[in-house]
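Below is one structure; the comments refer to it alone.
Taken together, the values in this text are just the output of simple stated rules run on the coordinates, not laboratory data. Quick caveat, the model's predicted, so the values are computed rather than measured. So basically every Cβ, Gly included, is an ideal-geometry build from the backbone, and we count neighbours across all protein chains shown.
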Amino acid sequence: MDETVVQVQHFKKSYGNYVAVEDISFDVHRAEIFGLLGPNGAGKTTTLECLEGLRQPDSGTLRVMGLNPTQQTQQLHKVIGVQLQASGMPDSIAVGEAMNLFCAYHQVKPRYDLLERLELGAKMNTQHAMLSTGQKRRLALALAIAHNPPVVFLDEPTAALDVISRTELHDMIHELREQGTTIILSSHDMAEVEKLADRVAILLRGKIAAVGTPRQLTATSDGLTKISIHTEHLSLNDDIKLPAVSQMAVKDEYEVYYSSDPAATVLALLEYIKAHNDPLIDLRVERPSLEERFLEITNHKEMAR
């Protein structure tokens, strides 16, 4: 995990007068799932495209497996797999033909097993134009990993996928990581990134607003911890004075409290219901999610402009 596989140092990229990425730096380690988050226009796609050798950075240092993406493009293609939001494949190419073509380019045997696993085995002779959006996403993933690249870039990998397909893809991502593959993941699905990523960088207006593990980012949140409690006799009411609670609500027979010190609040709640002989049915303590932290960071940054 300590081996640096992707290196970005003081990377800048502009389009005319528009600054897409402004002096960002981060490293990604071997067998790490690294998430790139940010609102539209934050610089995620530009960063990925420069790392993939599709665009030329204005300045800074970018390295993937020690290779310069724009100067060593041919070598780069051997060590990376890319799942783009739009594949760019011809409408008339069949699923099997696409797999044969990509594997021939990388000089490996066709990975029909990947097509079977991603429920595309029955679509071998189906043209790309006739595939559903979800099937196109699954085909793009199969082609991206068919040559077993050590680094894989996934841009919105589960967009338009159903729950079963999304779960299968998550399983494959974890398997790739266990095999030593490094994965850079860009997604608008915060719950997905929180579930999958070892570390996350949040981009905002071309700059890194925060970086760390999902747990580190949510632990530094200004948000309150949500405490939901349901008791047999519903003895809790609005008149109870609880430490560190700034908000409360009632939902489906649950008393819901928002606390800045969840340990103190939970202890006071348990003491209260014990004193009132009100048996506990359910107690839930939920820390702020990555999505809530993301909104907090982006809102704070926007307000500070």
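Quick notes on this one:
- For the chain, a crude dipole built from +1 on the beta carbon of Lys and Arg and -1 on the beta carbon of Asp and Glu, taken about the Cα centre, is about 1200 debye to the nearest 20.
- Segment 4-219, relative contact order [Cα under 8 Å, separation at least 6], %: 29
- Under 11 Å, Cβ to Cβ, from Ala31 - net charge with Lys/Arg +1 and Asp/Glu -1: -3
- Taking Val266, Val8, Val64, Val163 and counting other C-beta atoms within 10 Å, the order from fewest to most: Val163, Val266, Val8, Val64
- Sequence-ordered 3J(HN,Hα) estimates for segment 200-207 from the Karplus curve with 6.51, -1.76 and 1.60 and θ = phi - 60° stand at 9, 10, 9, 9, 8, 6, x, 10 Hz, glycine and proline given as x.
- Helix 290-303 and the longest principal axis of the C-alpha atoms of the chain enclose an angle of approximately 90°.
- The GluC sites (Glu not before Pro) of segment 242-285 that DSSP puts in a loop, and whose beta carbon has at most 12 other beta carbons within 10 Å, are Glu253.
- Listed candidates (i) 16.9; (ii) 15.8; (iii) 19.8 - label of the one calculated as mean projected area of the Cα convex hull in nm²: (iii)
- Gaussian network model of the chain, Cα within-10 Å springs - most flexible of Glu175, Glu52, Glu292: Glu175
- In segment 230-292, the C-alpha radius of gyration followed by the widest Cα-Cα span (Dmax) gives 11.7, 38 angstrom.
- Our summary gives segment 1-129 a relative contact order of 21 percent, counting only alpha carbon pairs under 8 angstrom and 6 or more residues apart.
- Near Thr126, the amide H atoms lying under 5 Å from its own belong to Val95, Gly96; only residues 5 or more places off or on other chains count, and H is placed 1.01 Å from N.
- Among Leu51, Leu131, Leu37, the largest mean-square fluctuation in a Gaussian network model of the chain, built with springs joining Cα atoms closer than 10 Å, belongs to Leu131.
- Mean-square fluctuations from a GNM of the chain, with a 10 angstrom spring cutoff on Cα atoms, peak among Asn68, Asn125, Asn277 at Asn277.
- Partners for Lys251 among lysines (Cα-Cα distance below 21 Å; same-chain residues under 8 apart left out): Lys226, Lys241
- Partner lysines for Lys109 [C-alpha distance under 24 Å; skip if fewer than 8 residues away on the same chain]: Lys78, Lys123, Lys136
- Here r is the Cβ-Cβ distance between Lys207 and Glu3 and R0 is 30 Å; the resulting FRET efficiency, rounded to 0.05, is 0.65.
- Taking the longest Cα principal axis of the chain as reference, the axis of helix 163-178 is set at about 70 degrees.
- Degrees separating the helix 262-275 axis from the principal Cα axis of the chain, which is the longest one: 40
- For segment 173-214 versus segment 49-109, the gap between their alpha-carbon centres in whole angstrom: 20
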